[in-house]
Amino acid sequence: MPHNQGGDVRRQPSALRDDWAAWMHVACPAARDQLLHHYFLELVEPIARAQHRQLPPSVELGDLEQAGYLGLHDALQRFDNRVCDDFRPYAKQRIRGSIHDWLRREDLLSRGARADVRKVQTTADQFRTRYGFEPEEDVLGRLTGLNPDRIFHVQTWSTRGAAVAISVMAANEPEPEGCLPPAETASETRSELLDWLECTFDVRTRTMVALYYGESLSMAQTARVLGLSESRVSQLLGELHRQLLARLRTRSRFVELFL
């Protein structure tokens, strides 16, 4: 039965006023079904699609739509237009809440595991945005402070999608400790240098540059992350310096733009 069996239905869409009147005054099942069908298409499907775009492929759109439908059904049962004269904002809140509740129930990970998933994802996203390529597991471990086994398990959880859904509801939480600090806006010339690095060097060399210059790791620390000797890192950096100097033509310009 609807929560309000009286009240004004004039604020509802004109095409649905008869259905709203039949539902609000006499709880007509046919009118209820018509309203559910209309608002499922208008509200549930767009909300579910928007949520689905933020989730891993392992989360089915149909599951989100079903959860949203339950929220819509509950909203229709509880709606009181003496309190709120427009159904749609109220229904959207109930639909989103129902989807989020379903995602929480499906999440079987502990709070600590979810925190690690979010830390790794945030760090990887920031690294990718700053340097233009994906960080390897050893690099993620160094930047987040997690050991290689934990990084492996976190990436497995992320692929499975169990914990990632929670990040949709955690947008206002502070950044996890261990993530990269915000990068300063790069100048056009520095962006050109990063493009040149991407076209000229392999992923390992670009990772070395990101760790040694971007994250201020020592040469020894960079070597440990990459599984190289310190002398090999020194050799690679020396070759990089020579090519950069040739490209920039003057050492002062190299220091200004890159170091």
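The values are calculated or read from the model by the stated rules, or taken from the named source; none is laboratory data. This one's a predicted model, so the numbers in the text were calculated from it and none came from an experiment. Don't worry about glycine lacking a Cβ; one is built from the backbone with ideal geometry, like all the others, and counts go over all protein chains shown.
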Can you find a residue that is among the charged types (D, E, K, R) and modelled with pLDDT of 80 or more anywhere in the stretch 104-114? no
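Table: residues versus (1) in a helix (DSSP H, G or I); (2) polar (S, T, N, Q); (3) at pLDDT below 75.
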{"site": "L140", "(1), (2), (3)": "yes, no, no"}
{"site": "L146", "(1), (2), (3)": "no, no, no"}
{"site": "W157", "(1), (2), (3)": "yes, no, yes"}
{"site": "T207", "(1), (2), (3)": "yes, yes, no"}
{"site": "A210", "(1), (2), (3)": "yes, no, no"}
{"site": "A223", "(1), (2), (3)": "yes, no, no"}
{"site": "R247", "(1), (2), (3)": "yes, no, yes"}
{"site": "V255", "(1), (2), (3)": "yes, no, yes"}
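How many of the residues in the stretch 51-64 are modelled with pLDDT of 75 or more and closer than 20 Å to R118 by Cβ?
Restricting attention to the stretch 51-64, the residues satisfying the condition of being modelled with pLDDT of 75 or more are 51-55, 59-64.
Among the residues that remain, those that are also closer than 20 Å to R118 by Cβ are: 51-55, 59.
The total comes to 6.
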The lone exception for D85 - which of (1) of a type in the set (D, E); (2) within 16 Å of M24 (Cα to Cα); (3) surrounded by 15 or more Cβ atoms within 10 Å (Cβ to Cβ) it fails: (3)
Specify the residue that is surrounded by the fewest Cβ atoms within 10 Å (Cβ to Cβ); the eligible residues are those in the stretch 48-63 that are within 30 Å of R17 (Cα to Cα) and out of contact with any Leu (no Cβ under 8 Å at 6 or more places or on another chain). G62
Residue list for the stretch 25-40, filter: touching a residue at least 24 places away in the same chain (Cβ under 8 Å) and hydrophobic (A, V, I, L, M, F, W, C): A27, L35, L36, F40
P182 versus (1) closer than 30 Å to R242 by Cβ; (2) at pLDDT below 70: which is the lone unmet condition? (1)
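Restricting to the stretch 117-129, name every residue that is in contact (Cβ under 8 Å) with a residue 24 or more places away in the chain and surrounded by fewer than 17 Cβ atoms within 10 Å (Cβ to Cβ).
Across the stretch 117-129, the qualifying residue is only T129.
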With the condition kept exactly as written, say whether any residue in the stretch 67-80 is under 30 Å from H25 (Cα atoms), assigned to a loop (DSSP other than H, G, I, E, B) and not small (G, A, S). yes
Among residues of the stretch 31-66, those that are among the basic types (K, R) and in a helix (DSSP H, G or I), counted: 2
